[in-house]
Each structure stands twice: as structure tokens, then as C-alpha cells.
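The values are calculated or read from the model by the stated rules, or taken from the named source; none is laboratory data. Small disclaimer: the values here were computed from a predicted structure and weren't measured. Note that we place each Cβ from the backbone using ideal geometry, even for glycine, and neighbour counts take in every protein chain shown.
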Amino acid sequence: MKRIAVLTSGGDAPGMNAAIRAVVRKGHHHGLDVIGVRRGYTGLIQGDFVTMDLGSVGDIIHRGGTVLYSARSEEFKTPEGREKAVANLKEYGIDGLVVIGGDGSFRGAQLLSDHGFKAVGVPGTIDNDIPGTDFTIGFDTAVNTVIENIDRIRDTATSHERTYIVEVMGRDAGDIALWAGLADGAESILIPEASYELDDIVDRLARGSRRGKKHSIIIVAEGVGSGVEIGRQIKEKTGSETRVTVLGHIQRGGSPTAFDRVLASRMGAKAVDILLEEKSDQMVAIRNNEITGIDFDQAFSMKHQPDMSIYDLAGILAI
Ligand code: ADP
């Protein structure tokens, strides 16, 4: 292995820059050339490559987003598109690729190995929805962004003695809602992995109000449905005012937390180690605080599940 490339693909996540930095610096530490590919698989097809020297990743560890830009590429899903990508990789003498992204991006990476390229995935997505790893890069930052905002909403909720519904990201996975819900003492947490009854939510609100609670926060993961609609239903049942906040894309941005910077640094460095061992088709994972590599096939055969003990605990503590 002489020359490796790194790209970011799919939805961006805070901490991706720290992962790029780790790949570049660890690569150089082992005497490798490192090439950056701009705009994910789109850049791979277009040959949008840039040499990454040690200085190229200076002053980025604390920045959100990705300096390599990210993209979704329909063309890469076609054999013709991948042929172009492979031709570019060959022309540049690249024999290993680090893909920082989600499981869609990893499926793309796996297809490159059919052409003899070694590809390793680094899980970067705020949703924490990649099977096989306890955490993904960006999740911790997103949860911190959510609770910072809910803390503000809580101030005004107390002043006005209202019920606030906060819709957070998580189309298929409720991890952000779950962690933010426990961290913020939400009365109810609605996630795609657990069914809910409107009557239970209303009961919890009534119980809180009987013991003199001044406000209530209900967190809804977007995969459950519209926060606005749920707010309307609660208002209809209780007759009292509700306010809905949809946090949206602010959850994707911002400076990565220390946890995400450390995770990204460890994972990016591990990806280089895996390539140096001449292994391929693996995803870097953190399991029980150990950074390890697992086969893409193994990861794809699993289903991500949030830690439901957090859900149960949040229900007990927010009584
Ligand atoms: P994420 O990596 O965040 O899950 P996507 O699912 O949008 O995001 O995937 C990012 C890109 O990876 C896609 O635009 C496409 O170029 C590539 N990709 C995704 N799935 C596949 C697939 N099954 N085969 C080939 N390429 C894929």
C-alpha cells in the first residue's frame, strides 16, 4: 500500500473533518501518500482529487461539516459510473480508499472491491443508525445541540406553563430523541422503535400537572410522524395550549464535541491501520469502547437497535 484516498459521502456530520485529519496524518506517519476526493462518489467519477499533505488538514479538527464536501451520486450506483471511478483510481495509482459516511456509502465502497480496490468505511452520521457500532461520528454533537436548544425552550416553557413538543432528526432510528430525552428529562419520548398511545402521553401530562409541574417537554423523532400533528392531537385531548418546535438542520451542524473529535480521530487512524494490514471490506466500529474493524457483510446483516434500557429509564425518571 503506497497511496490511499479519503472521501466523505452521504449526509455530513460534525467530526468528519477530525476523521479526515486522522486519515491524512496517520497515513503520512506510515509514509503513505494521501489523496482527498471532493464531493464523495461524484468526485471519484469526475476525478476531483487533491493531494493532502500534513498542512492541508490543519485547523479543521474543530470545524463542523466536511472540508472535502459531501454529495449523493446516482451515477455511482450504475456500473458505468463505477467504471469511471475505477479508471480514475487506477490513473492516480490509488490502492486503498477510506469512505467516511453512512451505510449507503459503505455499500458503494464494497462494490469497488470487486475491482481490486481495498475499501474501508468510517461511520459518520448524526443518526447513530449504523449497525455494528455503538456510536457513529456526529451523534454526540447532535445530541448536545438538541439539549442546548431544549434547555432554552424549557426556560420559556416554565414561564408560560405550557407543553412543548420538540421534533428531532431520526427517520429510522430514535437514538437522538432517546439520548436527548433522558438528558433533558422529557415527559415522553416518541421513537420509531416503540409504539405509543396518545392516552399515555396525556396521562403523564396530567400526573405532572397534579404534582405542580410548570411545563412539559415531549420529544418526537421525525420517523414517528409530524411533531405539529402530534401537538395538535395533544391539544385536542387536553384542551390546553401546546407549542411545537422542529429543530431541523441545525442538528447537523456545529463544532464537534470532544467525544466526537476523539472518536473520529481513533476511527480515522484505525481505517489506515486496516488498509496497511491489506484488509478490505471492513467498517471501523466502536464496541464496548474498543475500536475495531468488522466486515461490511457482518454489519449489513445486523439491524441497528437503540439501547432500550435508556427508554425505560427515561420513563421512570420523568415521572
Ligand atoms: P449514507 O452513506 O449517509 O447512508 P446514502 O445512502 O445517500 O447516504 O449514500 C451515499 C451515496 O453512496 C449515494 O449517493 C451513492 O452514490 C452511494 N450508494 C448508496 N447506496 C449504494 C448502493 N447500493 N450501490 C452503490 N452505491 C451506493
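Structure notes:
- Criterion violated by SER255 - all others in (1) free of Cβ contacts under 8 Å to residues at least 40 places away in the same chain; (2) assigned to a loop (DSSP other than H, G, I, E, B) satisfied: (1)
- When the range 38-49 is filtered for residues that are within 27 Å of GLY170 (Cα to Cα) and within 11 Å of the ligand (Cβ to nearest atom), the ones remaining, listed by number, are ARG39, GLY40, TYR41, THR42.
- ARG207 being assigned to a helix (DSSP H, G or I), in contact with a His (Cβ under 7 Å, 6 or more places away or on another chain) and surrounded by fewer than 22 Cβ atoms within 10 Å (Cβ to Cβ): no
- The residues of the range 2-17 that are surrounded by fewer than 21 Cβ atoms within 10 Å (Cβ to Cβ) and away from the ligand (no atom under 14 Å from the Cβ), listed by number, are LYS2, ARG3.
- Among the residues of the range 47-62, none qualifies, meaning not one is of a type in the set (S, T, N, Q) and under 21 Å from the mean Cα position of the chain (by Cα).
- Residue in the range 220-235 that is β-branched (Val, Ile, Thr) and in a strand (DSSP E or B) present: yes
- Residue that is farthest from GLN298 (Cα to Cα), among those in the range 133-159 that are modelled with pLDDT under 95 and out of contact with any Asp or Glu (no Cβ under 8 Å at 6 or more places or on another chain): SER159
- Taking the range 1-36 as the range and being free of Cβ contacts under 8 Å to residues at least 40 places away in the same chain and among the β-branched types (Val, Ile, Thr) as the test, the residues that pass are VAL24, VAL34.
- At least 1 residues being assigned by TED's automatic domain parsing to the domain that holds GLY36 and within 13 Å of the ligand (Cβ to nearest atom) is the threshold, and among the strands (runs of 3 or more DSSP E) wholly inside the range 67-181 those reaching it are 96-101, 118-123.
- Just one of the listed residues (ILE35, ILE20) is within 16 Å of the ligand (Cβ to nearest atom) and either buried (at least 24 other Cβ atoms within 10 Å of the Cβ) or within 30 Å of GLU74 (Cβ to Cβ) (or both), namely ILE20.
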